[in-house]
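I have placed the structure first, in the form of C-alpha cells, so that the comments after it can refer back to it.
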Amino acid sequence: MDIIPFILSSFLFIFFLSSSFSHFRRRKLPPGPLGLPIFGNLFQVGSKPHLSFARLAKKYGPIMSLRLGSVTSVVVSSPEIAREILQKHDEVLCDRAIPDVARGQANFHISMVWLPYGNRWRMLRQVLNTQLTHMHKLDSLVELRHKASRELVEFLKEISQRGGPDEIIGERPVAIGNLAFATALNQMSKTCFSQNVAEYESKEIQGFMKAVETVMDVAGQFNIADVFPWLKTMDPQGLRRKSKEAYGWLEEVVDVFVNKRMQWRKDSSLSSSYTHHDGDLLDSFIDYSLKDPDFTTQQFKVLLLELILAGSDTTSITVEWAMAELLLNPDIMIKLRQEITEVVGTKGEIEEADIINLPYLQAVIKEAMRLRLAVPLLIPHNSKEVVEVNGYVIPKNTQTIVNAWAMARDPCYWDAPDKFLPERFLNSNMDFKGQHFGFIPFGSGRRMCPGILLAQRMVSLIMASLVYHFDWKLPRGTTIDNLDMDDVLGLTLRRATPLLAVPTLIKH
Ligand code: HEM
C-alpha cells in the first residue's frame, strides 16, 4: 500500500470529522421541549406565555428554544443570560422580530419600535434624546405635566362629592385604570401639543383607550399568521385589520394637531409680529425637521403617535397595579402618605421637584414594577447574525424573548418574591437603568425604553397626587381577600378586571 496517499486521506478524513463535529456543536440550539409535528410547542405556551415560559424554563433551563409552528424562538429567563443577550451580544440581537399586526400600521417601516438597528433608528433615538428625554428638556416641559396632575386632582375632588350607588356621598367608586390612562394621555398630549386630546369621562377618552388597548393587545396576542407565515395574506384572525383600524383612528387625531400647528406657523410667519413656539415637542420636531431633511413630517407624525401610545398605556397600567397593591396593603399606603405629607406639607400640590425627596414613593413604584411588569416579555428582539450564547447557538433571524417577568419573581434572586415589599428597594442601589438584570422593567441595552426618565416622573406625579390628596378604599362588596389580581397579556400586561376604588378627599 502506498503510504503517502493513505496518510493524506486519513488526515482529510480526521479534518472532515472534526470540522463537521465542531460545525454540529456550533449549530446546537438551546434545549427545549419536544413539540408536535407542524404545531411544535404551540399548545405548551397557551394564553399566558410569561407563566408558561417560566414553567418550561424550570425544566429546560434559562435559555431554551421553542418551535412555534414553523418559527423557532429562543426564550431567556435568567439575569446572567439576559446580560449576555442585552449587553454582550446586544449589537447582534437588537433588531426587532416584526409581528404581522405591525404591518397594519401603514408606516411601520419608519416606526421607532419596529425599525431595525441602523441609521434611521439611531437618528430617531438621538432626536428623542435631545428634544424630549434629556433632563433639561424634561425640566422645561414640567409645567405641562403639573397642569395634567392638577386636572386629575380637581376631577377627583368633584367625583368624591358625587353620590355613590345608593346616592351616598363618598361611596362613588372610580376606575383607577381609566383615570390613570386619561391623566397619562393628557400628560403626553400636553407634552406633545400643549393641549389635552380629550377630557375625563368624555367619549374621546373612551375612543382613545379602545384604540390604544387594541393596538397593544393585538400586538401581543397569539397570531397564527406569525407561526405559519404562508397564512399572512389571509390574516385569518383579523388581527392585522383590527390593528390597522385602531392605528388609522389614532393617526387621524395626530394629523389634525400637526396640520393645524403647521398651518398656524405658516400664517403667523406672514405676520410682522411673528413669535412662534409653544415650546412643546411638536414645535421642537417641526424646527428639527427644517434642519434635517430625513426627519420628514411623516416621520415625526409617526414618532408622536408612538410616544403617546407607548407613554400612556404603560404608565397607566403601572399606576393601576401599584394602586391595587396599596389597597391590598393599607399600612404601606399610610406610610407612603406620611412621607409625602412630610415633604409637601400644606403646599397643597405635588411638584416633580419633590420626587427626589420621596424615597419610599420610589420604592413603592419600583416594587410595583417588579411584581407587575407592564411589558413582561419586553418587545421581542431578533438576531441579525448567528450568535453563540452560553454554548448554544441562536441562528440568524431568530426571535429572542427575554422573560423579564420570570426574572423579577425568581426566588434565587429575590426573598419572598411574590410579596409586595417596597422596603427591599430602600437603601438599595437597584435602579431601572438596565444594569441589574433581575429587574429590567424598561429593558436594557440599545433597545431599552427611551422614556424611562419621563415615565418615572409621570408615574410618581400621578401616584403621589392620588395618595396625598385622597384616602382610598375598595368599593362595597370587594375585600382584600376577593380582589381579583389576575392579569391578561397583550404586548402589555394589564389587569383582567378593572380596579375600582372609592376616593375620600383629605384636607391638608
Ligand atoms: C412605566 C412606563 C414604561 C414602561 C414600563 C416601559 C417599558 C418599555 C419596554 C420594556 C420597552 C422595550 C425594551 C426592549 O425591547 O428591550 C420599551 C420600549 C419603548 N418605549 Fe417604553 N416604557 C414606559 C414608558 C414609556 C414612555 C413614557 C415613552 C415615551 C417617551 C416610551 C417610549 C418607548 C419607545 C419609543 C420604545 C421603543 C424603543 C425602541 O424600539 O428603540 N415608553 N418601553
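State whether one or more residues within region 482-490 are more than 15 Å from the ligand (Cβ to nearest atom), without any contact (Cβ under 8 Å) to a residue 12 or more places away in the chain, of a type in the set (Asp, Glu) and open to solvent by 20 Å² or more (accessible area, probe 1.4 Å).
Yes, region 482-490 contains a residue that is more than 15 Å from the ligand (Cβ to nearest atom), without any contact (Cβ under 8 Å) to a residue 12 or more places away in the chain, of a type in the set (Asp, Glu) and open to solvent by 20 Å² or more (accessible area, probe 1.4 Å).
Got at least one residue in region 406-418 being within 17 Å of the chain's Cα centre (by Cα) and farther than 23 Å from residue 496 by Cβ?
Checked region 406-418: no residue is within 17 Å of the chain's Cα centre (by Cα) and farther than 23 Å from residue 496 by Cβ.
Check region 257-264 and report whether any residue there is polar (S, T, N, Q), open to solvent by 60 Å² or more (accessible area, probe 1.4 Å), assigned to a helix (DSSP H, G or I) and over 19 Å from residue 105 (Cα atoms). Can you show your working first?
Filtering region 257-264 down to residues polar (S, T, N, Q) leaves 259, 263.
Add one more test, that the residue is open to solvent by 60 Å² or more (accessible area, probe 1.4 Å), and what stays is 259, 263.
After this cut, where a residue has to be assigned to a helix (DSSP H, G or I) as well, the list is 259, 263.
Those left that are additionally over 19 Å from residue 105 (Cα atoms): 259, 263.
Yes, there is a match, as at least one residue in region 257-264 is polar (S, T, N, Q), open to solvent by 60 Å² or more (accessible area, probe 1.4 Å), assigned to a helix (DSSP H, G or I) and over 19 Å from residue 105 (Cα atoms).
Could you grab me the full set of residues in region 427-453 that are within 6 Å of the ligand (Cβ to nearest atom), in contact with a Leu (Cβ under 8 Å, 6 or more places away or on another chain) and within 18 Å of residue 367 (Cα to Cα)?
Once the filter is applied, which keeps residues that are within 6 Å of the ligand (Cβ to nearest atom), in contact with a Leu (Cβ under 8 Å, 6 or more places away or on another chain) and within 18 Å of residue 367 (Cα to Cα), region 427-453 yields 441, 443.
May I ask you to say which residue of 302, 343 is assigned by TED's automatic domain parsing to the domain that holds residue 422 and within 11 Å of the ligand (Cβ to nearest atom)?
Details: 343 fails: within 11 Å of the ligand (Cβ to nearest atom).
Just one listed residue meets the conditions, 302.
Checking residue 446 against (1) buried (at least 20 other Cβ atoms within 10 Å of the Cβ); (2) in contact with a Cys (Cβ under 6 Å, 6 or more places away or on another chain): exactly one of these is not met. Which one?
(1)
Collect the residues in region 464-480 that are within 16 Å of the ligand (Cβ to nearest atom) and either open to solvent by 40 Å² or more (accessible area, probe 1.4 Å) or within 23 Å of residue 136 (Cα to Cα) (or both), keeping them in residue-number order.
464
Kindly establish whether residue 62 is more than 14 Å from the ligand (Cβ to nearest atom), over 20 Å from the mean Cα position of the chain (by Cα), modelled with pLDDT of 95 or more and open to solvent by 40 Å² or more (accessible area, probe 1.4 Å).
So residue 62 fits the description; yes.
Is it the case that region 309-327 has a residue that's in contact (Cβ under 8 Å) with a residue 24 or more places away in the chain and away from the ligand (no atom under 16 Å from the Cβ)?
Checking region 309-327: at least one residue is in contact (Cβ under 8 Å) with a residue 24 or more places away in the chain and away from the ligand (no atom under 16 Å from the Cβ).
Give the residues of region 90-146 that are assigned to a helix (DSSP H, G or I), surrounded by fewer than 19 Cβ atoms within 10 Å (Cβ to Cβ) and among the small types (Gly, Ala, Ser), sorted by residue number.
Listed by number, the list holds a single entry, 140.
What strands (runs of 3 or more DSSP E) completely inside region 305-409 contain at least 1 residues that are of a type in the set (Phe, Trp, Tyr)?
392-394
Which members of region 178-227 meet the condition of being touching a Ser or Thr at 6+ places or on another chain (Cβ under 9 Å), of a type in the set (Ser, Thr, Tyr) and surrounded by fewer than 22 Cβ atoms within 10 Å (Cβ to Cβ)?
200, 214, listed by residue number.
Report, by residue number, each residue of region 290-318 that is open to solvent by less than 30 Å² (accessible area, probe 1.4 Å) and of a type in the set (Ser, Thr, Tyr).
Once the filter is applied, which keeps residues that are open to solvent by less than 30 Å² (accessible area, probe 1.4 Å) and of a type in the set (Ser, Thr, Tyr), region 290-318 yields 312, 315, 316, 318.
For every residue, the table says whether it meets (1) closer than 23 Å to residue 147 by Cα; (2) touching a His at 6+ places or on another chain (Cβ under 9 Å); (3) assigned by TED's automatic domain parsing to the domain that holds residue 140; (4) hydroxyl-bearing (Ser, Thr, Tyr).
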{"position": "202", "(1), (2), (3), (4)": "yes, no, yes, yes"}
{"position": "207", "(1), (2), (3), (4)": "yes, no, yes, no"}
{"position": "215", "(1), (2), (3), (4)": "no, no, yes, no"}
{"position": "218", "(1), (2), (3), (4)": "no, no, yes, no"}
{"position": "238", "(1), (2), (3), (4)": "no, no, yes, no"}
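Take the residues in region 371-386 that are open to solvent by less than 10 Å² (accessible area, probe 1.4 Å) and more than 11 Å from the ligand (Cβ to nearest atom); name whichever of them is nearest to residue 98 (Cα to Cα).
383
Considering only residues that are open to solvent by 40 Å² or more (accessible area, probe 1.4 Å) and free of Cβ contacts under 8 Å to residues at least 60 places away in the same chain, which ones fall in region 354-370?
356, 357
Pick out the one residue from 397, 390, 403 that is without any contact (Cβ under 8 Å) to a residue 60 or more places away in the chain and away from the ligand (no atom under 11 Å from the Cβ).
397
Going by the conditions given, is residue 74 assigned to a helix (DSSP H, G or I), among the β-branched types (Val, Ile, Thr) and modelled with pLDDT of 90 or more?
no
The values are calculated or read from the model by the stated rules, or taken from the named source; none is laboratory data. Every value quoted in this text rests on a predicted model; they were computed, and no experiment measured them. For neighbour counting, all protein chains shown are included, and Cβ atoms are generated from backbone atoms with ideal geometry for every residue, glycine included. SASA here: full protein model, heavy atoms, side chains in, ligands and nucleic acids out. Shrake-Rupley method; radii C 1.70, N 1.55, O 1.52, S 1.80 Å.
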